[in-house]
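The values are calculated or read from the model by the stated rules, or taken from the named source; none is laboratory data. The structure presented is a predicted model; accordingly, all values stated were derived computationally and were not measured. Here Cβ is always computed from backbone atoms with ideal geometry, including for glycine, and neighbour counts include all displayed protein chains.
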Amino acid sequence: MAHEIIAATNAVVVLDVALPGIVWGWIITMNMWAKSIGTGIIFLTFFLLKKYPKETGFIRFPAVMVSIVTIHLFLFFTVIDLHQMFRFWHIFFHPHMTSAITIGAWMATGFVGLLLGMAYAIYMKKDEALYDRLLGYTVLLAVPVTLYTAGLMAQSTARELWQMPTESAQMILAALIAGTATMLLLGGNKFSNTIKKDLGIILGLSAAAAFILYMAELIFGPMKAEEVAAVLEYIKGGEYTIMFWIGQVLAFIVPMILVWVSIKKESYYLLKIAAVSALIGLWISKHVWLVIPQLLNMS
């Protein structure tokens with residue numbers, strides 16, 4: 001039963017209390033992880049085709065297929081998390097452009113359309129020139145697609161840990177880490193040592209930058225707000241301490257060390273291990289960072 005009607009908006013308030021427990025769980029973690037792979041592989045495809053067009057032409061079809069699959073996983077987990085999932089079409093026919101999820105849905109739809117166009121160009125028409133033209137537009141759209149989740153998190157009220165500038169940087173770095181790791185696994189031994197070295201450097205530098213951001217939040221975040229200090233206690237000595245550090249080690253520290261060893265010895269067989277470690281650790285790191293702010297009661 002409605003207990004209040006707001007005259008200014010004619011909105012009927014049926015529930016006006018805080019939701020207990022974790023609302024965004026592993027489904028949203030899968031959402032972000034799959035999106036990072038789907039957009040990141042496009043970034044790396046563009047980079048390789050521009051720098052090494054003759055040596056990396058074979059990646060065109062497998063790269064776009066990986067992106068199509070992972071972006072549809074991202075969309076699947078987005079839809080099933082909606083409380084009224086069978087009304088998701090309202091986003092397109094009754095859009096509210098003040099919502100990050102609405103803007104993200106429109107951009108992701110355009111992104112998928114371009115991916116399908118790329119797949120058609122390379123598989124059906126065998127037209128590399130058309131593929132490359134579409135790739136340029138796809139890269140441009142991949143940036144806001146991978147950033148929109150940061151906007152969605154930043155719109156969450158009373159979640160001081162999720163700030164738009166920091167989360168935007170983390171989303172881009174996650175896409176670079178996931179995209180590079182996937183590309184290393186996708187290309188395998190078909191890549192020359194020079195290409196492997198470039199991919200290793202991108203992976204190592206992205207991991208280092210992401211690790212620095214996490215550590216900066218861990219050290220300086222409590223100085224910003226009491227809520228952040230309370231939330232980070234779950235990491236500093238609480239139930240998520242072990243999980244957090246496992247994620248940090250696998251996602252960032254192990255890849256940095258393996259990249260450094262590979263470049264120093266000029267032997268790049270360790271990069272595949274670094275890639276697998278980065279993908280596993282990225283999921284864990286994203287999950288911890290998503291869950292811990294929701295453990296703090298807001299009322």
Residues in the stretch 40-60 that are more than 22 Å from the chain's Cα centre (by Cα) and in a helix (DSSP H, G or I): how many?
5
Just name the residue that is nearest to Met65 (Cα to Cα) out of those in the stretch 89-116 that are buried (at least 18 other Cβ atoms within 10 Å of the Cβ) and modelled with pLDDT of 90 or more.
Leu115
When you scan the stretch 129-145, do you find a residue that is more than 20 Å from the chain's Cα centre (by Cα), surrounded by 22 or more Cβ atoms within 10 Å (Cβ to Cβ), over 19 Å from Val276 (Cβ atoms) and in contact (Cβ under 8 Å) with a residue 24 or more places away in the chain, even just one?
yes
For Gly247, work out the one condition from (1) surrounded by 21 or more Cβ atoms within 10 Å (Cβ to Cβ); (2) under 29 Å from Val23 (Cβ atoms); (3) modelled with pLDDT of 95 or more; (4) in contact with a Leu (Cβ under 6 Å, 6 or more places away or on another chain) it doesn't fulfil.
(4)
Does Ala207 count as more than 15 Å from Leu48 (Cα to Cα), under 21 Å from the mean Cα position of the chain (by Cα) and small (Gly, Ala, Ser)?
yes
Which count do you get for residues in the stretch 199-244 that are surrounded by fewer than 16 Cβ atoms within 10 Å (Cβ to Cβ) and of a type in the set (Val, Ile, Thr)?
5
Between residues in the stretch 35-57 that are crowded, with 16+ Cβ neighbours inside 10 Å and residues that are of a type in the set (Lys, Arg), which pairs lie under 8 Å by C-beta distance while being six or more apart or on different chains?
Thr45/Arg60; Leu49/Arg60
Could you say whether any residue in the stretch 78-88 is aromatic (Phe, Trp, Tyr) and either surrounded by 19 or more Cβ atoms within 10 Å (Cβ to Cβ) or over 26 Å from Met30 (Cβ atoms) (or both)?
no
Quickly run through the stretch 183-193 and pick out the residues that are surrounded by fewer than 24 Cβ atoms within 10 Å (Cβ to Cβ), part of a helix (DSSP H, G or I) and touching a residue at least 60 places away in the same chain (Cβ under 8 Å).
Leu185, Leu186, Gly187, Gly188, Lys190, Asn193
Can you tell me which residue among Trp289, Trp260 is hydrophobic (A, V, I, L, M, F, W, C) and either surrounded by fewer than 22 Cβ atoms within 10 Å (Cβ to Cβ) or without any contact (Cβ under 8 Å) to a residue 60 or more places away in the chain (or both)?
Trp260
Tally of residues being among the β-branched types (Val, Ile, Thr), modelled with pLDDT of 95 or more and within 18 Å of Gln248 (Cβ to Cβ) across the stretch 131-178:
1
Might you check whether a residue that is part of a loop (DSSP other than H, G, I, E, B), of a type in the set (Lys, Arg), more than 15 Å from the chain's Cα centre (by Cα) and on the phi > 0 side of the Ramachandran plot occurs anywhere in the stretch 159-166?
no
Can you name the helices (runs of 4 or more DSSP H) wholly within the stretch 195-293 that have at least 1 residues being on the phi > 0 side of the Ramachandran plot?
none
